[in-house]
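Presented below is the structure to which this report refers.
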Amino acid sequence: RAALWLVVGAGSVDEDDDQLGLAHMTEHMAFNGTANFPRQALVNYLESVGMQFGPEVNAYTNQDETVYMLQVPTDPPELLATGLQILEEWAHRVSFEDTEIDKERGVIIEEGRLGRGADERMYDAQLPIIFHGSRYAARNTIGDPDLIKSFPHDTIRRFYRDWYRPDLMAVVAVGDFDQAAVEAAIRARFA
């Protein structure tokens, strides 16, 4: 097995005022289509090779970063190569189709609604006090539900274009593989 991560040094603190919640939504959109894995094709591929969402395919966004994680079988070797291709797709080939954006709006809003327990409500109340005077005070990762419902499609594309760039990214690969070969494959895809 190999653990493959794409770490993007951009999170909710980097959002413009018209993008509250779009760092997190960008993370979701990466699973809804890329140039070489349209719409459901990425999810279908990952499930077809026996990978499960949660333990082997996951991602998270916080105020400072967005991290995409794959735990890929290394036998046969082409699964590792495809895993690196998926990281590359997430890095600069997310498609952001209008219909997929509109479908994901409800998913994000429901995720925010379900996460409104006591801990989250206390955290929201503490943010403006703990981080007074900084962008952290006004940047809850789940974002603004009203904005999520209505933002123009190009607003999320602008976030992706502005923040998903090589100087803010790292690829992490750990596992049972030839280090030199994987490093060369990463350089070939991301140089």
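Where in the range 28-45 does the label zone of residue 99 land, with the point 7 angstrom along Cα→C-beta and an amide N cut-off under 15 Å?
32-34, 38-41, by backbone N distance to the label point.
Please compute the alpha carbon radius of gyration of the range 112-191, then divide it by the globular-protein estimate 2.2 N^0.38 Å. Two decimals is fine. Each step should come with its number before you reach the end.
Details: Rg = 19.1 Å, N = 80, 2.2 N^0.38 = 11.6 Å.
With N residues counted in the range 112-191, Rg over 2.2 N^0.38 Å equals 1.65.
Need the full-extension length gain, residue 78 to residue 1, defined as separation in residues times 0.36 nm minus the C-alpha distance. One decimal, nm. Before the final figure, lay out the partial values.
Details: separation 77, 0.36 × 77 = 27.72 nm, distance 1.24 nm.
Length difference between fully extended and current span is 26.5 nm.
Expressed as a whole percentage, what fraction of the accessible surface of the range 1-147 belongs to carbon and sulfur atoms when a 1.4 Å probe is rolled over the protein heavy atoms? Mind dumping the intermediate values first?
Values: 3690 of 6760 Å².
About 54 percent, which is the carbon plus sulfur part of the accessible surface.
Quick check: from the Cα gyration tensor, does the range 48-161 come out rounded (a/c under 1.5), prolate or oblate? Present the calculation step by step, with values, prior to reporting the outcome.
Details: a/c = 2.10, a/b = 1.67, b/c = 1.25.
Because a/c hits 1.5 or more and a/b exceeds b/c, the range 48-161 counts as prolate.
Any idea of the accessible area per residue across the range 12-63, 1.4 Å probe, to the nearest Å²? All intermediate terms of the calculation are to be shown ahead of the outcome.
Details: 2020 Å² over 52 residues.
On a per-residue basis, 39 Å².
Could you work out how much longer the chain between residue 191 and residue 172 gets when fully extended? Use 0.36 nm per residue separation minus the Cα distance between them, nm to one decimal. Display every interim value, and only then the final one.
Values: separation 19, 0.36 × 19 = 6.84 nm, distance 1.44 nm.
Additional length available on full extension: 5.4 nm.
In debye to the nearest 20, how big a dipole does the chain give about its Cα centre with +1 on each Lys and Arg Cβ and -1 on each Asp and Glu Cβ?
Numbers: 17 positive and 32 negative charges, 14 e Å.
In debye, rounded to 20, the chain gives about 60.
What does the charge count near residue 171 come to, summing +1 for each Lys or Arg and -1 for each Asp or Glu among other residues with Cβ under 13 Å from its Cβ?
-1
Residue separation times 0.36 nm, minus the C-alpha to C-alpha distance between residue 45 and residue 116: what's the value?
Details: separation 71, 0.36 × 71 = 25.56 nm, distance 3.29 nm.
Extending this stretch completely gives an extra 22.3 nm.
How much net charge surrounds residue 158 when only the other residues with a Cβ under 11 Å from the Cβ of residue 158 are counted, with Lys and Arg +1 and Asp and Glu -1?
On the way: positive: 157, 161; negative: 15, 16, 18, 154, 162.
Summing Lys and Arg as +1 and Asp and Glu as -1 gives -3.
In whole angstrom, how far apart do the alpha carbon centroids of the range 36-105 and the range 125-173 sit?
Their Cα centres are 20 Å away from one another.
Ranking request for peptides 179-191, 118-130: highest mean number of other beta-carbon atoms within 10 Å first, then the rest in descending order. Can you show the working numbers first?
Details: 179-191: 12.9, 118-130: 11.2.
Those peptides, ordered most packed to least, come out 179-191, 118-130.
Can you tell me which of 162-168, 87-93, 142-148 comes out highest on packing, and rank the rest after it, using the mean Cβ neighbours within 10 Å? Let's see the in-between values first.
Working: 162-168: 14.1, 87-93: 19.7, 142-148: 18.0.
Output ranking for 162-168, 87-93, 142-148: 87-93, 142-148, 162-168.
Would you tally the net charge around residue 136, using a Cβ to Cβ cut-off of less than 13 Å, leaving residue 136 out, and scoring K and R as +1, D and E as -1?
On the way: positive: 135, 139; negative: 14, 15, 64, 124.
Within the 13 Å Cβ shell, the charges total -2.
Looking at the chain, what % of its DSSP beta bridges pair antiparallel, to the nearest 5?
Details: 20 of 21 bridges.
Counting only bridges with both partners in the chain, antiparallel ones make up about 95 percent.
The values are calculated or read from the model by the stated rules, or taken from the named source; none is laboratory data. Just so it is clear, the model here is predicted, and its values are computed rather than measured. Glycine also receives a Cβ, built like all others from the backbone with ideal geometry; neighbour counts cover every protein chain displayed. Protein only, heavy atoms only, side chains kept; ligands, DNA and RNA dropped before computing areas. Shrake-Rupley method; radii C 1.70, N 1.55, O 1.52, S 1.80 Å.
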